[in-house]
Amino acid sequence: MGELQTKERVLSIQNLIIKFKLRGQVLTAIRDISLDLYKGKCLAIVGESGSGKSVLVKSIMGLLDKNGYIDQGQILYQNMDLAQFTTEKDWLKIRGKEIAMVTQDPMTSLNPLKTIGKQIEECVVLHQGLKGKSAYEETLKLLRDVGIHDVEKRYKQYPHEFSGGMRQRIVIAIAIACNPKILICDEPTTALDVTIQAQILQLLTNLQKKYGLTTIFITHDLGVVAKVADCIAVMYAGDIIEVGKTEEVFFDGKHPYTWALISSLPQLGTKGDQLYSIKGTPPNLFKEVKGDAFAPRNQFALEIDFVERPPFFKVSETHYARTWLLDPRAPKVELPKALQAFFEEGRRLANEK
Ligand SMILES: Nc1ncnc2c1ncn2[C@@H]1O[C@H](COP(=O)(O)OP(=O)(O)OP(=O)(O)O)[C@@H](O)[C@H]1O
C-alpha cells in the first residue's frame, strides 16, 4: 500500500475465516479478512458490538474460546503462521512476550494478592533478564513511564489501593515490561470516565512513540480513534469494509456503514441536520451472508449489493473500501448535509496542517 508499503510489515492476516460451534450450529464470526500491520503505527479497528473486533484480536494471541476455530487463512508473524499453532506451548512463545494485550477491565489482569511492584518486576525479570537491584530500578522507571508518582511507595501497594485509571496504567506497565513488539488495546478506556480516558489515550500515544510499539486499538467509539490512530479498519458483521489512513476514512469515508458511524458522532449531532441513522440489525452470522452484509440497512444499496460481495475498490494507495458505490457504473449518491459539511471541514483542516 504505497507509502505504508515502504514501512516494515509486522503482522499480516490473510483470508482469515473464524467459526464457532454452538448448540449444533456453526457461526462465522470472521468472514475472509485480510489486514496488514505496519511497524510503529497504530491501527484502530472500529465497529459496533458483535462485529468481530475481539474475536479477531483474540485469534492473534491464541485466546479464542474453546468452541472457536480458524477455518481458513493465515496470520503471518516473523516467518511463522500463527494460524497453524495448536498447542499452548506454541502460544507461550508469542503471548505477552511478542504480542501483549490491555483489556477493558484491568482487575482481570492483576493479581489482587501481590503488590503491583512485584507484578511488574516479575515481567522485567522474565522478559528482560534483569535481576535484583537493576530489576527493581527498571520497575520504578516503568512506573514513572506510565505516569505514576511517588514510585517507591506505590511499588509496595496492592491493586485495590489504586483508582481504575491508575490500575489501567499498571496493566500497561506490565504489558510494556514484557518488551512486546505489538500491543493490543481492547477498549482500554471504555470503563473510565472521560477525563481519565483522555489521559490514558495520551499515555498510550506517548508510549507508542517512545518504545516504537506497533499497536492495535479496538473501539466502537470512532471519536476516540481520531486521537490515537494512524490507520483505521472498519468492521461490519465479521468483515473489514473499509481501511485507510485515519484522515482518509474519517474525512473521506466511502462505505455507507462508515458514513453511518461518523454520523453518530456527537460533533455531527449539534448541526441540527437530519442525521443518517442506521435502522435494523446486523445479519445473523449463523446464516451465510450474501452480497454486502450492510445492504438491508443501507439506504443507498444497489441491487448488486444483495447478490455479490463487493471487492475492495482502491480509493488511494492507502485507502480501500468494499462498496459497489465505488464501481464506475454506480450512480452518484448525495451525502447527508451534516456529513458533507463534516468531511469538507475535516479536509480543509487537514490541508492547512
Ligand atoms: N465463544 C463464542 N461462541 C459463539 N459465538 C461467539 C463466541 N465468541 C464470540 N462469538 C460471536 O462472534 C461475533 C463477534 O464477537 P466479538 O466479541 O468479536 O464482537 P466485538 O466486535 O468485539 O463486540 P464488542 O464490542 O461487544 O466486544 C458475535 O456474533 C459473537 O456472538
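The values are calculated or read from the model by the stated rules, or taken from the named source; none is laboratory data. Nothing here was measured: the structure is a model prediction, and the numbers come from that model. Cβ coordinates were reconstructed from backbone atoms using ideal geometry, including for glycine residues, and neighbour counts include every protein chain displayed.
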Among the residues of the stretch 202-211, is there at least one that is outside any helix (DSSP H, G or I) and not aromatic (F, W, Y)? no
Quick check on the stretch 319-326. Is at least one of its residues touching a helix residue (DSSP H, G or I) at 6+ places or on another chain (Cβ under 6 Å) and either assigned to a loop (DSSP other than H, G, I, E, B) or modelled with pLDDT under 95 (or both)? no
Which condition does F300 not pass, out of (1) in a loop (DSSP other than H, G, I, E, B); (2) within 16 Å of the ligand (Cβ to nearest atom), if it passes all the others? (2)
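Based on what the data block shows, is L92 under 21 Å from E242 (Cα atoms) and out of contact with any helix residue (DSSP H, G or I) (no Cβ under 7 Å at 6 or more places or on another chain)?
Values: under 21 Å from E242 (Cα atoms): no; out of contact with any helix residue (DSSP H, G or I) (no Cβ under 7 Å at 6 or more places or on another chain): yes.
Taking the combined requirement at face value, the residue does not satisfy it.
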Confirm whether I18 is touching a strand residue (DSSP E or B) at 6+ places or on another chain (Cβ under 8 Å), near the ligand (Cβ under 10 Å from one of its atoms) and closer than 26 Å to P310 by Cα. yes
Only one of these conditions is not met by W91: (1) in a helix (DSSP H, G or I); (2) touching a Gly at 6+ places or on another chain (Cβ under 8 Å); (3) within 11 Å of the ligand (Cβ to nearest atom). Which number is it? (3)
Kindly indicate whether I99 is crowded, with 16+ Cβ neighbours inside 10 Å, under 16 Å from the mean Cα position of the chain (by Cα) and away from the ligand (no atom under 16 Å from the Cβ). yes
Which of the residues belonging to the stretch 304-318 are outside any loop (DSSP other than H, G, I, E, B) and either within 23 Å of the chain's Cα centre (by Cα) or modelled with pLDDT under 95 (or both)? F313, K314, V315, S316
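For the condition surrounded by fewer than 16 Cβ atoms within 10 Å (Cβ to Cβ) and out of contact with any Cys (no Cβ under 6 Å at 6 or more places or on another chain), what is the one hit in L76, L56, L92, L82?
On the way: L76 fails: surrounded by fewer than 16 Cβ atoms within 10 Å (Cβ to Cβ); L56 fails: surrounded by fewer than 16 Cβ atoms within 10 Å (Cβ to Cβ); L82 fails: surrounded by fewer than 16 Cβ atoms within 10 Å (Cβ to Cβ).
Result: L92 is the single residue among L76, L56, L92, L82 that is surrounded by fewer than 16 Cβ atoms within 10 Å (Cβ to Cβ) and out of contact with any Cys (no Cβ under 6 Å at 6 or more places or on another chain).
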Any chance the stretch 101-115 includes a residue that's in contact (Cβ under 8 Å) with a residue 60 or more places away in the chain, over 19 Å from T214 (Cβ atoms) and not in a loop (DSSP other than H, G, I, E, B)? yes
Determine which member of the set S34, S54 is within 19 Å of the chain's Cα centre (by Cα), modelled with pLDDT under 95 and either assigned to a strand (DSSP E or B) or of a type in the set (S, T, N, Q) (or both). S54
Flagged in the stretch 56-69 as in contact with a Leu (Cβ under 7 Å, 6 or more places away or on another chain) and within 6 Å of the ligand (Cβ to nearest atom), in numbering order, are N67
Residue selected from the stretch 37-51 under the condition part of a strand (DSSP E or B) and within 12 Å of the ligand (Cβ to nearest atom), by the criterion nearest to the chain's Cα centre (by Cα): I45
Restricting to helices (runs of 4 or more DSSP H) lying wholly in the stretch 225-269: which have 3 or more residues that are surrounded by fewer than 20 Cβ atoms within 10 Å (Cβ to Cβ)? 246-252, 266-269
Anything in the stretch 16-63 that is more than 19 Å from I182 (Cβ to Cβ) and among the small types (G, A, S)? List them, or say none. G24, A29, G47, S49, G50, S51
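Look at F306 and say whether it is within 19 Å of V243 (Cβ to Cβ) and touching a helix residue (DSSP H, G or I) at 6+ places or on another chain (Cβ under 8 Å).
Details: within 19 Å of V243 (Cβ to Cβ): no; touching a helix residue (DSSP H, G or I) at 6+ places or on another chain (Cβ under 8 Å): yes.
Against the criterion (within 19 Å of V243 (Cβ to Cβ) and touching a helix residue (DSSP H, G or I) at 6+ places or on another chain (Cβ under 8 Å)), F306 does not qualify.
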The stretch 179-200 - residue that is surrounded by fewer than 19 Cβ atoms within 10 Å (Cβ to Cβ) and of a type outside the set (D, E, K, R) and, of those, nearest to T108 (Cα to Cα): A191
